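Just so you know, all these numbers are worked out from the coordinates, no wet-lab data involved. Because the structure is predicted, anything quoted here is derived from the model rather than measured. Here Cβ is always computed from backbone atoms with ideal geometry, including for glycine, and neighbour counts include all displayed protein chains.
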Amino acid sequence: MKQFLLLVLFCLPFAGAMAQNPKPPALCKPCLFYAGDLEDGDPNSDGFPNEGTVPDPGTQTFGEIMVPKGRSILVEGILFQTLFQFTNKLDPNVVTWQIRTDDIYENGGTLVASGSGTVFMQPTGRQLDGAVEYTLAVKVTPPVQLSGGSRHAMGYWFNLLPLCTNNQDPSCSTGIYYVSNTALETNAYHGSAQVPGGTVINSPLRGYQWDNLCELGITGCARISFGLMGKVVQ
């Protein structure tokens, strides 16, 4: 695997420019935002560690969106496009999720909300260097309202973490999970809501402490492939 896998135009539904005929994942419903697909064959396609497994209890990669000044959205679900290597399942069939704000580079900023839930999972038909991609989605219960500031827009970071923590399941010792990137924003839906270069990794095991992937010099770091389900409330 390569590298790790070795306010503008905010219109009244949500954010910015869209592909002419975007096709976000079927699980992104009602789709508020989708960053775009992993591109088969693109040299900048990559995946970044994002997993809770037996050997790696917690490596999280976060993607950032911006909520414009004076606007509010209601987040009802989170979706991450995830590459599975050496496994084709989660165990248990659960993911955890987090939403953070403020200066995430300072010890994670402020935790807005977190939780866990049963995962909804569908194959995308794409792969990268032998790793097969699946759409993973979880309901945010109760839904979380996020608002832009009264004087400026507000940035929020999102993570959805796949789990394989059953010590009796051999795949939980060998399986690896990565969140896909999107280099060309294919099928993006309100994709300009994502902040380019706002990708953050936190991993005590791997020696990362709320580090920006682009500042680490990682190719393809600008955008990860994730989505939000929900609606605009203001």
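Points worth noting:
- Take 33-41, 119-127 and order them by the average number of nearby Cβ atoms within 10 Å per residue, most first; the result is 33-41, 119-127.
- Sorted peptide list for 206-212, 71-77, criterion being average Cβ within 10 angstrom, highest first: 71-77, 206-212
- Sorted by Cβ neighbour density within 10 Å, fewest at the top, the residues 178, 134: 134, 178
- The Cβ shell under 13 Å around residue 54 holds other residues with a net charge of -4, Lys and Arg each +1, Asp and Glu each -1.
- FRET efficiency for residue 116 and residue 152, using Cβ-Cβ distance with R0 set to 35 Å, rounded to 0.05: 0.65
- Pairs spanning more than 21 Å between alpha-carbon atoms, out of 23/89; 139/231; 89/231; 23/231: 23/89; 89/231.
- A simple count of charges around residue 89, restricted to other residues whose Cβ falls under 15 Å of its Cβ and scoring Lys, Arg +1 and Asp, Glu -1, yields -4.
- Using a cutoff of 8 angstrom between alpha carbon atoms and counting only pairs six or more residues apart, the relative contact order for the stretch 75-123 works out to 32 percent.
- For residue 183, the residues whose amide H sits under 5 Å from its own are 39, ignoring neighbours fewer than 5 places away on the same chain, with H placed 1.01 Å from N.
- Taking Cβ atoms as reference points and 11 Å as the exclusive limit, the residues near residue 127 contribute a net charge of -2, counting Lys and Arg as +1 and Asp and Glu as -1.
- Options (i) 0.98; (ii) 1.08; (iii) 0.94 - which one matches Rg/Rh (Cα atoms, Kirkwood Rh) as calculated here: (iii)
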